[in-house]
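Worksheet: the structure to be examined is printed underneath.
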Amino acid sequence: MIKEQFESLIYRLSLYFQDSTNEDKIELFIEKAKNENAWFSDSLIRDAMKAIESQFLDVAIWISFFDKYGLPKDSKAKVGLILSGNLPAVGMHDLLMVIASGNQAVVKLSSQDSALMLLYIDAIRSIDASVSIDVVERLSKVDAVIATGSDFSSSYFSNYFAKIPHIIRKNRSSVAVFTGSESVSDFEGLAKDVFTYYGLGCRNVSSLAIPLDFDLIPLFDVLTQVDWVLDHTKYSNNYQYHKTLLLLNQVPHFDLGNLIVSENESLVSPVGVLHIHRYASQNDLEVWLDQHKEKIQCVVGTQHIPFGHAQSPALDDFADGVNTYEFLVNLS
């Protein structure tokens, strides 16, 4: 696929989701998505679709992207995609990168997120029938693989696809770093980074690094105001479960009424829980971050990604820091 053809596809794909004649079909697939994954509330799905529209379906962004990373090649390699299902249409970035690079996509959908991905795939096919996207139950005879899964499944993928080029992603989470100079607006931004998508994504902040003398009360005053998460049964159940577990085990913690905050050195926290790590110096902080770098998706803070923007990655904010596009255009 040549650059101009791809940019035309992106432009028309954006129009597709704005066209009122497609509204009934889009709503049908949204209902299907809600039925196949209990975490996918109506607002979560629509927020994810808005993010896709703003981040991935803007021709100007793609023009800048190609200027920075080079033109696509017409290599026609068959690239297998094993997609995750933790967020609605979370596999769209990988799918568009395969198409943009001039390769053919062979897609293994997640059972937890098939409806929305099929909506986007059907839309792409209806716009440009020359785009090669095969949806399969099992990957076979592919030239390369991009797979996203758990730490357990990633080991299996690494072994199974060892003889072909591959990108294998494991579980990751995100961290926020406080210095003590943060404002209320920063706390409000952090609330978005923690609660957006109910904390299910790898870009959700699950752990907070703070100075030893940091006063948590002003932060808690902001976090407690986010009560919409409790309207979701699964989030509420997770929150109640971990609250009970900590009480039974007599583990010190703060109960904010919508979130459990616990001092814990583990980077990844369960849904409904935020971990706190206290650091004594900048060097102490850097050592801690370095120790966990293989599990950190992104870092939020004054000197990092701005508070409130963890869930608004740029087109070239590649997962796990691996340049997917470069990997794809260099396939022979």
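I'd like the distance between the alpha-carbon centres of segment 285-299 and segment 1-65, rounded to an integer number of Å.
Comparing the Cα centres of segment 285-299 and segment 1-65, I get a distance of 33 Å.
Stretched out fully, how many nm does the piece from Glu137 to Thr179 gain, at 0.36 nm a residue minus the Cα gap? Don't skip to the end; give the middle numbers.
Numbers: separation 42, 0.36 × 42 = 15.12 nm, distance 4.82 nm.
Extending this stretch completely gives an extra 10.3 nm.
With θ set to phi - 60°, apply the Karplus curve 6.51 cos²θ - 1.76 cosθ + 1.60 along segment 114-122 and write out the HN-Hα couplings as whole Hz, x wherever there is a Gly or Pro.
9, 4, 5, 5, 5, 4, 5, 5, 4
Where Rh is the Kirkwood radius over the Cα pairs of segment 222-295, the temperature 4 °C and the viscosity 1.567 mPa s, what D in µm²/s does Stokes-Einstein return?
On the way: Rh = 13.7 Å.
It comes out at roughly 95 µm²/s.
Which of rounded, prolate, oblate describes segment 284-332, given a ≥ b ≥ c as roots of the alpha-carbon gyration tensor eigenvalues and a/c under 1.5 marking rounded, otherwise prolate only if a/b is larger than b/c?
On the way: a/c = 3.70, a/b = 1.58, b/c = 2.35.
Taking the square roots of the gyration eigenvalues as a ≥ b ≥ c, segment 284-332 is oblate.
Nearest 10 degrees, 0 to 90: what angle lies between the long axis of helix 42-56 and the longest principal axis of the chain (Cα atoms)?
Result, in degrees: 60.
Pull up all non-local amide H partners of Leu256: gap of 5 or more, or a different chain, and H-to-H distance under 5 Å with H placed in the peptide plane.
Val261
Rounded to whole Hz and in sequence order, give me ³J(HN,Hα) for segment 190-197 from the Karplus expression 6.51 cos²θ - 1.76 cosθ + 1.60, θ = phi - 60°, writing x for Gly and Pro.
Each residue of segment 190-197 in turn: 4, 4, 5, 5, 7, 9, 4, 6 Hz.
Quick one: which residues, 5 or more positions from Val107 or on another chain, have an amide H under 5 Å from its amide H? H modelled 1.01 Å from N in the peptide plane, none for Pro or chain starts.
Leu81, Asp134, Val135, Val136
Specify the inter-centroid distance of segment 254-278 and segment 175-234, based on alpha-carbon positions, in whole Å.
Computed from Cα coordinates, the inter-centre distance equals 10 Å.
Mind ranking 300-306, 149-155 by how tightly packed they are, going by the mean number of other C-beta atoms within 10 angstrom, highest first?
Details: 300-306: 16.3, 149-155: 13.9.
Highest to lowest by the protection proxy: 300-306, 149-155.
If you average the sequence gap of Cα pairs under 8 Å that are 6 or more apart and divide by the length of segment 36-167, what percent do you get for the contact order? Can you show the working numbers first?
Working: 169 pairs, mean separation 33.9, N = 132.
Relative contact order comes out at 26 percent.
Determine ³J(HN,Hα), in whole Hz, for all residues of segment 212-221 in sequence, where each value follows from phi through the Karplus function 6.51 cos²θ - 1.76 cosθ + 1.60 and θ = phi - 60°; x replaces Gly and Pro.
So the Karplus estimates, Gly and Pro as x, are 4, 9, 5, 8, 7, 4, x, 5, 4, 4 Hz.
Given the convex hull of the Cα atoms of segment 128-194, what is a quarter of its surface area in nm²? Before the final figure, lay out each step's value.
On the way: hull surface 34.9 nm².
Mean projected area for segment 128-194: 8.7 nm², to one decimal.
Using only Cα atoms, tell me the angle between helix 151-160 and the longest principal axis of the chain; keep it within 0 to 90° and round to the nearest 10.
The angle comes out near 30 degrees.
Beyond a 21 Å Cα-Cα separation, which of these cross-linked pairs lie in this structure: Lys68/Lys141; Lys76/Lys141; Lys3/Lys76; Lys34/Lys234; Lys108/Lys141?
Values: Lys68/Lys141 32 Å; Lys76/Lys141 13 Å; Lys3/Lys76 14 Å; Lys34/Lys234 13 Å; Lys108/Lys141 13 Å.
In this structure, Lys68/Lys141 lie more than 21 Å apart at Cα.
Determine by what factor the alpha-carbon radius of gyration of segment 3-171 differs from 2.2 N^0.38 Å, reporting the quotient.
Working: Rg = 15.9 Å, N = 169, 2.2 N^0.38 = 15.5 Å.
So segment 3-171 has a normalised radius of gyration of 1.03.
Using only alpha carbon positions, build the gyration tensor of segment 159-291, then give the equivalent ellipsoid semi-axes as the square roots of 5 times its eigenvalues, largest first, whole angstrom.
Output for segment 159-291: semi-axes of 26, 21, 15 Å.
Once you have the alpha carbon radius of gyration of the chain, what is it after dividing by 2.2 N^0.38 Å, with N set to its residue count? Walk me through the intermediate numbers first.
On the way: Rg = 20.8 Å, N = 332, 2.2 N^0.38 = 20.0 Å.
After normalising by residue count via 2.2 N^0.38 Å, the value is 1.04.
The numbers here are math on the coordinates, done by the rules we state, and not lab data. Since the structure is predicted, the reported quantities are computational estimates derived from the model, not experimental observations. Every residue, glycine among them, receives a Cβ derived from its backbone with ideal geometry; neighbour counts consider all protein chains shown.
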